[in-house]
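K.L.:
My questions will all concern the structure given below.
The values are calculated or read from the model by the stated rules, or taken from the named source; none is laboratory data. Treat the numbers as computed from the prediction; the structure is a model and nothing was measured. Cβ: placed from backbone, ideal geometry, glycine included. Neighbour counts: every protein chain shown. The protein model used for the area step is the full one, side chains on, heavy atoms only, and it has no ligands, DNA or RNA in it. Shrake-Rupley method; radii C 1.70, N 1.55, O 1.52, S 1.80 Å.
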Amino acid sequence: MRRIGFTTVIAVIGFVFLYAPILSLVIYSFNASRLVTVWGGFSTRWYGELLRDPQILRAAWISLQIAVATATIAVVLGTLAAFVLMRFGRFRSRALLSGMVTAPLVMPEVITGLSLLLLFVSMEQIIGWPAGRGLTTVIIAHVTFAMAYVAVVVQSRLAGTDTSLEEAAMDLGARPVRVFFDITLPVIAPALVAGWLLAFTLSLDDLVIASFVTGPGASTLPMVIFSKVRLGVSPEVNALATIVIAIVALGIGIAGWQMRRRKDG
Amino acid sequence: MKGGLARRLGLGGRGAVIAVPLFWLLVFFLVPFLVVAKISLSEALIAQPPFAPLAEWDGLRLMLLLNFENFAYLWQDPLYLRAYGFSILIAFIAAFASLLIGYPMAYAIARSPEPRRTILLMLVILPFWTSFLLRVYAWQGFLRSTGTVNGFLIWTGIIDAPIQMLQTNFAVLLGIVYMYLPFMILPLYANIVKLDESLLEASADLGARASVTFLRVTLPLTLPGIVAGFMLVFIPAIGEFVIPELLGGPDTLMIGRVLWNEFFANRDWPVAAAVAIAMLVAVVVPIMFMRTLGERLEAGR
């Protein structure tokens, strides 16, 4: 018993550490009182106020549009990058591409945000595009870092798959484009779904980069939440957080159940 | 045979497929850094955009107006150097603390039986899918003087009056460890789960104590995971903005927060760009270190 003792204890403490703040937030989202100290009884009042707040609803709609566009473009570009790196062997710009695909993963967000904003401003001065900042500039910025995550996910899937099917198809005379769409794509489809969801989440979650590159009238949901949170306790945000956690837990639960069913079946 | 697919694509098609992601990243990832470097050398103006052009053409001559004042300013004002040093220090401590917590967790997960292992792994990943901002906000509610932790400690009688936990450097450290812990656990888990258990048994059979086996067998074999996890926490933590802004006090000066304030509050774009360049140096050096170390570990295998 002593042998498993230490790591198990640390692991339990670790999981409590991971979940205690989230749990406390969920509980207080049902608090009728505005004050955190006072338990005013169970209430869903803040959920109602959340759904009637026009500023939050508008920002949520903007964020959703950005996230869907980002995820879709990032999956295309990230998959291309991963495919090129895994299946094209050696080419001249390989080291450059590989470096640029991994660097955004660790680059501090303030640097990415500032550098893209300065780029957009300079481009506007020189070629007149993008005219002003808003949805388009946020989407471009999000695609740039999200495609790196997609590339990592797709790369690991490509590394785990056998190339013999692709080679057999080519030996039988199939054109490379056809091989890609008929063989490679179905094989890596789960990674594309995972990459899309990851890019979607990252985009929906981003505060820092969006704050730099957005323009008037295009405040994203995290920007609105941030300004509310900065002013102090906001029970509406508790309610919003609980909804987000519920959706994510449900999504991951379904994904896990699907995976297990596929393994069993 | 790997090149077979590419060879058949023919040079034109192959080049085009490479060009699309390459072009996007060149324009939107690499070129922006050159723009930042350029603007960090220009003079601040009250204009739209608020910086002076670097080159001027007066009809006869092209004048290059390089201005190193922004960097001199960073060097002279102790605020920037302090923020710089403090960011690196706190990122280092946070990465080390996450390693101390994350290693046993990754080990426990990797060694648990199958259905439980997947569930535990999902429990590690799940917070990562929920909003970063909302989790920082959760810690705010958790730590404030009227919050859950203080309430609990007073209720149990351990303390009489609330302790100031929010708006301290400790809260920032706690926040960084909390937010980046999954980035530590996942590479460690991937490494530990591949560990050959017969090596540990052999070491024990030969009479080594558990602690010796750990230090001389387990630790060296999981070094790649440790390095990867450490860097995944350390590098982004240096430039963290949200955590020090929401959990730290007004005197918690981290370099990411300084950059944000120069840009949004002072509207001094050239100084913000100079801060970004300085931060980039602090980030690129560990990235390079991680790459060479990774290559050396691969080669030593």
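K.L.:
Sort B:282-288, B:80-86, A:238-244 by the packing proxy (mean of other Cβ within 10 Å over each peptide's residues), most packed first. Each step should come with its number before you reach the end.
P.N.:
On the way: B:282-288: 15.3, B:80-86: 17.6, A:238-244: 21.7.
Final packing ranking: A:238-244, B:80-86, B:282-288.
K.L.:
May I ask you to derive the relative contact order of chain B, considering only C-alpha pairs under 8 Å and at least 6 residues apart, and to give it as an integer percent? Write out the running numbers ahead of the final one.
P.N.:
On the way: 316 pairs, mean separation 75.7, N = 301.
Across chain B, relative contact order equals 25 percent.
K.L.:
As a test of the formula, what do you get for chain A when each DSSP H run with n ≥ 4 contributes -39,500 (n - 2.57) and the sum is divided by the residue count, at 222 nm and rounded to the nearest 500 deg cm²/dmol?
P.N.:
Using -39500 (n - 2.57) per qualifying helix, the result is -26000 deg cm²/dmol.
K.L.:
Any idea how far apart residue B:92 and residue B:114 come out in nm if each label point goes 7 Å out from Cα toward Cβ?
P.N.:
Inter-label distance under the simple model: 4.5 nm.
K.L.:
Oh, and also: When the Cα centres of the range A:186-255 and the range B:180-246 are compared, how far apart do they sit, in Å?
P.N.:
30 Å
K.L.:
Here's something else I'd like to know. Once R0 is set to 22 Å, what does the formula 1/(1 + (r/R0)^6) return for the Cβ-Cβ distance between residue A:42 and residue B:152, expressed as a FRET efficiency to the nearest 0.05?
P.N.:
0.60
K.L.:
Round to the nearest 0.05 the FRET efficiency obtained for residue B:202 and residue A:17 when R0 = 35 Å and r is the Cβ-Cβ distance.
P.N.:
Working from the Cβ atoms, E equals 0.50.
K.L.:
Ranked from highest to lowest mean number of other Cβ atoms within 10 Å per residue, what is the order of the peptides B:200-210, A:152-162?
P.N.:
Packing order, densest peptide first, comes out as A:152-162, B:200-210.
K.L.:
Set Lys and Arg Cβ to +1 and Asp and Glu Cβ to -1, take the dipole of chain A about its Cα centre, and tell me which of A:227, A:105, A:9 lies farthest positive.
P.N.:
It is A:9, whose Cα lies furthest towards the positive end.
K.L.:
Could you order the peptides B:225-232, A:83-90, A:225-232 from most to least packed, using the average number of other C-beta atoms within 10 Å per residue?
P.N.:
Answer by packing, highest mean first, reads B:225-232, A:83-90, A:225-232.
K.L.:
Along the Cα→Cβ direction, 7 angstrom out, place labels at residue A:53 and residue A:68. What is the inter-label distance in nm?
P.N.:
For residue A:53 paired with residue A:68, the spin-label model returns 2.3 nm.
K.L.:
Could you give the dipole magnitude of the range A:136-265 about its Cα centre, charging the beta-carbon of Lys and Arg +1 and that of Asp and Glu -1, in debye to the nearest 20?
P.N.:
The calculation lands at about 320 debye.
K.L.:
How large is the translational diffusion coefficient of the range A:56-231 in µm² per second when you combine the Kirkwood radius over alpha carbon pairs with Stokes-Einstein at 10 °C and 1.306 mPa s?
P.N.:
Using the Kirkwood radius from Cα pairs, D works out to 90 µm²/s.
K.L.:
If you place +1 on the Cβ of every Lys and Arg and -1 on the Cβ of every Asp and Glu, how big does the dipole about the Cα centre of the protein assembly as shown come out, in debye to the nearest 20?
P.N.:
1280 debye
K.L.:
What does the charge add up to near residue B:238, with Lys and Arg as +1, Asp and Glu as -1, over the other residues with Cβ less than 14 Å from its Cβ?
P.N.:
Cβ neighbours under 14 Å give a net charge of -1.
K.L.:
Would you please classify the overall shape of the protein assembly as shown from the alpha carbon gyration tensor, given that a ≥ b ≥ c denote the square roots of the eigenvalues, rounded means a/c under 1.5, and beyond that prolate means a/b larger than b/c while oblate covers the rest?
P.N.:
rounded
K.L.:
Is the shape of the range B:70-300 best called rounded, prolate or oblate, per the rule: a/c under 1.5 gives rounded, else a/b larger than b/c gives prolate, else oblate, with a ≥ b ≥ c the square roots of the Cα gyration tensor eigenvalues?
P.N.:
Taking the square roots of the gyration eigenvalues as a ≥ b ≥ c, the range B:70-300 is oblate.
K.L.:
Separate question: Measuring from a point 7 Å past the Cα of residue A:193 along Cα-to-C-beta, which residues in the range A:221-265 have an amide N at less than 16 Å?
P.N.:
Zone members listed by number: A:250-265.
K.L.:
Same structure, new question: If you count, for every residue in B:13-26, the Cβ atoms of partner chains within 10 Å of its Cβ, what is the mean?
P.N.:
Averaged over the peptide's residues, the number is 6.
K.L.:
Ok, one more. Report in % the part of the accessible area of chain B that belongs to carbon and sulfur, leaving out ligands and nucleic acids; probe 1.4 Å.
P.N.:
69 percent
K.L.:
Mind checking the angle between helix A:135-159 and chain A's longest principal axis? C-alpha axes, 0 to 90 degrees, to the nearest 10.
P.N.:
It is inclined by approximately 60 degrees.
K.L.:
If one computes the Cα centroid of the range A:108-153 and of the range B:79-132, what distance in Å separates the two points?
P.N.:
The range A:108-153 and the range B:79-132 have Cα centres separated by 29 Å.
K.L.:
Same structure again: Between residue A:254 and residue B:160, what FRET efficiency follows from the Cβ-Cβ distance if R0 is 41 Å, with the result rounded to 0.05?
P.N.:
Details: r = 48 Å, r/R0 = 1.16.
Here the calculated transfer efficiency is 0.30.
K.L.:
Then there is this: Using 7 Å Cα-to-Cβ label points, what is the residue A:34/residue A:9 separation (nm, one decimal)?
P.N.:
4.6 nm
K.L.:
Let me ask you something else. What size of dipole, in debye to the nearest 20, comes out for the range B:70-300 about its Cα centre when the only charges are +1 on Lys and Arg C-beta atoms and -1 on Asp and Glu C-beta atoms?
P.N.:
Dipole about the Cα centre, nearest 20: 180 debye.
K.L.:
Just give the residues from the range A:100-116 buried by at least 40 square angstrom of accessible area in the all-chains context relative to the isolated chain, probe 1.4 Å, and say none if nothing qualifies.
P.N.:
A:100, A:106, A:107, A:108, A:110, A:111, A:114, A:115
K.L.:
Quote the relative contact order of chain A in percent (integer), defining contacts as alpha-carbon pairs under 8 Å separated by 6+ residues.
P.N.:
31 percent
K.L.:
With unit charges on the beta carbons (Lys and Arg positive, Asp and Glu negative) and the dipole taken about the Cα centre of chain B, which residue among B:28, B:192, B:51 sits farthest to the positive side?
P.N.:
Checking the options against the dipole of chain B, the answer is B:192.
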